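The values are calculated or read from the model by the stated rules, or taken from the named source; none is laboratory data. Since the model is a prediction, treat every value here as computed from it, not as a measurement. In this analysis, Cβ positions are derived from the backbone assuming ideal geometry, glycine residues included, and neighbour counts consider all displayed protein chains.
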Amino acid sequence: MLAVTPSGTISARALGERFPSEGAELTSGRGEFSGTVLRVFGPVGRPYLSVRPRRPLGAREATALIGTTLSSR
């Protein structure tokens, strides 16, 4: 995960050419985060994902998630 936007969505980067499609559910490895891919954009080889969390994230919670890896359910 790269950043949390002011609107509360998550900006993440795909690890390669294979990435989840819009509408896919994502979760963090330890299960502390889950959300839905809203948009896939950027370079085809390694696109960015806009992810809407299942519930609003607090500042500490969002900061703790930066740098974690998200995966498809």
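Tally the residues that are closer than 12 Å to THR9 by Cα and in contact with a Ser or Thr (Cβ under 6 Å, 6 or more places away or on another chain), restricting the search to the stretch 35-73.
5
I'd like the residue in the stretch 5-46 that is of a type in the set (Lys, Arg) and in contact with a strand residue (DSSP E or B) (Cβ under 6 Å, 6 or more places away or on another chain) and, out of all such residues, is modelled with the lowest pLDDT.
In this case the residue turns out to be ARG13.
Name the single residue that is farthest from PRO56 (Cα to Cα) among those in the stretch 12-29 being charged (D, E, K, R) and free of Cβ contacts under 8 Å to residues at least 24 places away in the same chain.
ARG18
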